[in-house]
Amino acid sequence: MHKDGSIAGKIDFIQAFEAFSSGASLGDRPSQIFLASAYETGEGVKINYKEALKWHLAAAQDNDTEQLKVCDYYTNGWGTKIDYKKSFEYCRRASINGNAEATQRLANHFYRGWGVEKNIMKAYSLFIVSKELGNTSVDKYLSYIKTLLSEDEILKSQGEVEFWLEEITIKELQNIHLKRTSGL
C-alpha cells in the first residue's frame with residue numbers, strides 16, 4: 001500500500017486486506033468499513049454481500065453512514081433475507097444521527113408500512129425533516145403526500161417534525177459531550 005493509501009497491485013492489496021482484516025477483528029471501525037466496501041464492490045475479493053453486511057453491522061454502532069448501509073441491506077435482501085423491521089430500526093438510528101437520506105428512507109417505511117404501521121402523516125413529517133437536514137430531493141414527495149392529508153393532519157405533522165428535530169439535536173449534543181469528555 002502506498003503512503004497516500006492507494007493500493008497499486010495485487011500484493012499491495014493482499015497485504016492491505018490482511019492488515020485491515022486484523023484491525024477489523026479488533027474493532028477498528030475504518031478497517032471494518034474497508035472490508036465491508038471490499039466485499040460489497042468486489043475490489044480485490046469476490047463480491048460477498050453476507051460478509052459485507054457483517055462488517056457494515058460491526059461498523060454501524062454510532063456511524064450514520066454505516067447504519068444507512070445496513071438499512072439498505074435489510075430493505076433489499078442483500079446478504080440476508082428482506083427484513084423491514086430491522087431495516088426500519090437502522091434507518092431510524094441513522095435518522096436520529098442526523099442523516100438526511102436515512103430520514104427519507106424512514107419516511108418511505110412509514111409511507112409503505114415497511115416494518116412499521118403505515119402512517120402517511122409520519123411519512124410527511126419525516127420528509128419535511130429530511131428536507132430540513134438538507135435533502136432537497138424530497139420536494140417531489142412532499143407535494144404529493146400533502147394532497148393525501150387533511151388540514152388537521154398537516155398541522156399535527158408540525159409536532160412530529162419538531163419531535164424528530166429535537167431527537168436529532170439531543171443526539172448531536174450527546175455526541176459532542178462524549179467527544180469532549182473522552183478527549184477526542
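Brief remarks on what is shown
- In degrees, nearest ten, helix 64-76 long axis to first principal axis of the chain (Cα): 80 degrees
- Here the accessible area of the chain is 52 percent carbon and sulfur, with a 1.4 angstrom probe and all protein chains present.
- Neighbour cut-off at most 14 other Cβ (10 Å), DSSP loop, trypsin sites (Lys or Arg not before Pro), segment 35-68: LYS46
- Charge dipole magnitude, Cβ of K and R +1, D and E -1 - the chain, Cα centre, debye nearest 20: 400 debye
- Taken along its principal axes, the alpha carbon cloud of segment 2-109 reaches lengths of 44, 26, 22 Å, longest axis first.
- Of the trypsin sites (Lys or Arg not before Pro) found in segment 97-184, the ones in coil according to DSSP and having at most 16 other Cβ atoms within 10 Å of their Cβ are LYS118.
- Calculated accessible area for segment 16-150 comes out at 49 Å² per residue, all protein chains present (probe 1.4 Å; ligands, DNA, RNA ignored).
- Inter-label distance, nm, simple model (7 Å from Cα along the C-beta direction), ILE170/ARG29: 2.1 nm
- Cα-based helix-to-principal-axis angle, 84-96 vs the chain, degrees rounded to 10: 90 degrees
- Expected-Rg normalisation [2.2 N^0.38 Å, Cα atoms] applied to the chain: 1.20
The values are calculated or read from the model by the stated rules, or taken from the named source; none is laboratory data. All values reported here derive from a predicted model rather than from experimental measurement. Positions of Cβ are backbone-derived with ideal geometry, glycine not excepted, and every protein chain shown enters the neighbour counts. The area values use the complete protein model at the heavy-atom level, side chains included, leaving out ligands, DNA and RNA. Shrake-Rupley method; radii C 1.70, N 1.55, O 1.52, S 1.80 Å.
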